[in-house]
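Engineer: One structure is given below, represented as structure tokens, and several questions about it will come after.
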Amino acid sequence: MSVHHNFFPLLLRRFPLHIVPIPAFRHGLLAVALFALTIALGYFTPREQFVQLIALYGLFAGLYLLACRWSDAGTWPFYRQLGILLRLALLFSVPGLSNDVYRFIWDGRLLLQGVNPLLYTPLEWLESGKSVPGLDWTLFAKLNSGMNYTIYPPVAQAVFWLSCLPFSTGDWAPTVLMRALLIAGEYGVLRLLPVLLPRFGYSPQRVVWYALNPLIIMEITGNLHFEGLMIFFLLWSMQSLLAGKMPRAALAMSLSIATKLLPLMLLPFLLRRLNIGQNIRFFGLLGVLLALMFLPMLGGGPVLAHFGNSLDLYFQQFEFNAGIYYIARWIGYRSTGYNQIDAIGPTLALCTTLYILLTALWETSRRWEDLPDRWLLAGSVYLFFAAIVHPWYLVMPIVLSLFTRRLFPLVWSALIFLSYIHYSYTPYRENWYVLGLEYGLLAIFMTMESFLLRSDKPIS
């Protein structure tokens, strides 16, 4: 018998694709509306058309809230499957809210040439006369960081390379393949969440809060941001830690960190929850795996310096939709008359690091049930102090909030799309009134939520 005749039935038994029937007419009508909004946002709404963008996104957010209210023990599988279908509906779209994908393609094609993307900025590559098909001024014109070294870790780079491998020219085909890989990661997240949520005392129907969240759908699948893949590996690591499987937990955590560096800030909170032997096995293996993943990319002195230079940009040059950072910058302007980003950015980053370390070291709880809340607060402090807060940066807080009683990341996911108004201006500028509205409403909700959390009554 052909191997294909055995392979596909085995694959379906391992990852069953259950066709969940539509439970009632209203759920079907809601599904159709969400599908139409996904198409409209993903295929016909560039970020410069802010009025259209915020109107469609606001309607999506309202229907998302309705879906969360309607989901129950009998309907959440239907809504989870709907979330997968909405992501598949975006498979052939061109990112309209971000042009980062073109840098992904650039790095992937450099790797195909056998060149470490950290060796050259795109401008240095072209000015050296090394232009090849697919790596030319046409692609360079689409980059938003053509004069900077890459910032993306090795797992992300591997996905860039794999997506470009069959396509040496053109942008659309690598984009589709890259999106297919990210959807696979999203499928993994949607499979893991219903398994993990009961372990922390929450209903598996909370998976709907992730499956249909418009920010998650549009930023991960629609605009190809790798936070979704990072979250898949992070949840896999969490599941392995709870099961006491340290080697698998270390492998999954290393893959998460090598996709995006953010999970590094979460590691100190594991120290008190693991005994001495588990800490040695987990962190020892994690260090070895990270070295194996990063050394081929960061092995040379100039390469390491280039990577550090790219990291510095996030603390000393780039600014977008910030919170506390903008207040500190305003104070700096008032006192000195110029932008002190080169001092304020690193100072606030140091404050975030100290908060995380002190909170983790002084924590008395060893309960795994408290871990997502500690991680959520650490990630939120990082964002509140950051100089750059893009909408897709909320992916990790949104996921972690599912394991807690805190809902402010979900509220923030509705408000943060207001930041896209900044791209509608020519020349580009930030609208301070909109920034004040976003963070003001968020602060009001967080204040109200803090009072509710003092009671024993569940928020949801």
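The values are calculated or read from the model by the stated rules, or taken from the named source; none is laboratory data. These figures come from a predicted structure and were not determined experimentally. Cβ placement follows ideal geometry from the backbone for every residue including glycine, while neighbour counts extend to all protein chains displayed. Accessible surface is based on the protein model in full, side chains and every heavy atom, while ligands, DNA and RNA are left aside. Shrake-Rupley method; radii C 1.70, N 1.55, O 1.52, S 1.80 Å.
Engineer: Ranking request for peptides 189-197, 357-365: highest mean number of other beta-carbon atoms within 10 Å first, then the rest in descending order. Please list the in-between numbers first.
Structural biologist: Values: 189-197: 18.1, 357-365: 12.4.
So the peptides 189-197, 357-365, ranked by packing, come out 189-197, 357-365.
Engineer: Give the carbon-plus-sulfur fraction of the accessible surface of region 207-282 in %, rounded to a whole number; probe 1.4 Å, heavy atoms of protein chains only.
Structural biologist: On the way: 1270 of 1880 Å².
The nonpolar share, carbon plus sulfur, comes to 68 percent.
Engineer: Another question, then. Counting only heavy atoms of the protein chains, get the accessible area per residue of region 219-267 (1.4 Å probe) and round it to a whole Å² value.
Structural biologist: On the way: 1050 Å² over 49 residues.
That works out to 21 Å² for each residue.
Engineer: Students often check this: by mean Cβ neighbours within 10 Å, which of 238-244, 393-399, 198-204 ranks highest, and how do the rest follow?
Structural biologist: Working: 238-244: 17.0, 393-399: 24.0, 198-204: 14.7.
Result, highest mean Cβ count within 10 Å first: 393-399, 238-244, 198-204.
Engineer: Ranked highest first by the average count of other Cβ atoms within 10 Å around their residues, in what order do 411-417, 367-373 fall? Working shown, then result.
Structural biologist: Values: 411-417: 21.9, 367-373: 16.6.
Taking the mean over residues of other Cβ atoms within 10 Å, the ranking is 411-417, 367-373.
Engineer: Please work out, to two decimal places, the log10 of the ratio I(q)/I(0) at q = 0.15, 0.16, 0.20 Å⁻¹ from a Debye calculation in which every Cα of region 83-201 carries one identical scatterer.
Structural biologist: Values returned for q = 0.15, 0.16, 0.20 Å⁻¹ are -0.69, -0.76, -1.06.
Engineer: Which value, in debye to the nearest 20, gives the size of the charge dipole of region 99-240 about its Cα centre, when Lys and Arg are +1 and Asp and Glu are -1 at the Cβ?
Structural biologist: On the way: 8 positive and 9 negative charges, 87 e Å.
My answer is approximately 420 debye.
Engineer: Next question. Put +1 on the Cβ of each Lys and Arg and -1 on the Cβ of each Asp and Glu in region 142-281; which of PRO247, THR175, ALA258 then has its Cα farthest toward the positive end of the dipole?
Structural biologist: Among PRO247, THR175, ALA258, the one farthest towards the positive end of the dipole of region 142-281 is PRO247.
Engineer: Would you mind telling me the share, in percent, of accessible area of region 31-160 contributed by carbon and sulfur at probe 1.4 angstrom? Write out the running numbers ahead of the final one.
Structural biologist: Working: 3490 of 5280 Å².
Carbon plus sulfur share of accessible area: 66 percent.
Engineer: Give me the tail of P(r) for region 205-360 as a percent: Cα-Cα pairs with distance above 20 Å. Walk me through the numbers before you get to the answer.
Structural biologist: Details: 7814 of 12090 pairs.
Summing the P(r) of region 205-360 above 20 Å gives 65 percent of all pairs.
Engineer: Please state, to two decimals, what the Cα-based radius of gyration of region 370-452 comes to when divided by 2.2 N^0.38 Å (N = residues).
Structural biologist: Working: Rg = 13.6 Å, N = 83, 2.2 N^0.38 = 11.8 Å.
For region 370-452, the normalised Cα radius of gyration is 1.15.
Engineer: Enter the accessible area of LYS142 (Å², nearest 10), with the probe set to 1.4 Å and all protein chains included.
Structural biologist: 80
Engineer: What is the magnitude of the charge dipole of region 278-383 about its Cα centre, with +1 placed on the Cβ of each Lys and Arg, -1 on the Cβ of each Asp and Glu, and no other charges, expressed in debye to the nearest 20?
Structural biologist: 120
Engineer: Percent of accessible area on region 363-460 owned by carbon and sulfur, 1.4 Å probe? Walk me through the numbers before you get to the answer.
Structural biologist: Working: 2800 of 4300 Å².
Accessible surface attributable to carbon and sulfur in region 363-460 totals 65 percent.
Engineer: Moving to a separate point now. Students often get this wrong, so try it: which of [x] 4, 18, 30, 29, 15, 3, 0, 0; [y] 4, 21, 29, 25, 14, 5, 1; [z] 4, 17, 24, 24, 17, 9, 4, 2, 0, 0 is P(r) over Cα pairs in 10 Å bins from 0, in percent as calculated from the structure shown?
Structural biologist: [x]
Engineer: Pairs of alpha-carbon atoms within less than 8 angstrom and 6+ residues apart define the contacts here; what relative contact order does the chain have, in percent? Could you put the intermediate results ahead of the total?
Structural biologist: Values: 572 pairs, mean separation 72.2, N = 460.
Reported relative contact order: 16 percent.
Engineer: Any idea of MET230's accessible area? Nearest 10 Å², probe 1.4 Å.
Structural biologist: The accessible area of MET230 comes to roughly 0 Å².
Engineer: Next question. Provide the per residue accessible area, probe 1.4 Å, for region 292-439, rounded to a whole number of square angstrom. It would help to have the intermediate numbers written out before the result.
Structural biologist: On the way: 6790 Å² over 148 residues.
It amounts to 46 Å² per residue over region 292-439.
Engineer: Under a 1.4 Å probe, what is the accessible area of region 46-121 per residue, stated in Å²?
Structural biologist: Working: 2910 Å² over 76 residues.
Per-residue accessible area for region 46-121 comes out at 38 Å².
Engineer: If DNA, RNA and ligands are ignored and the probe is 1.4 Å, what is the ranking of CYS351, CYS164 by accessible area, most exposed first?
Structural biologist: Numbers: CYS351 55, CYS164 0 Å².
So, going from the largest accessible area down, we get CYS351, CYS164.
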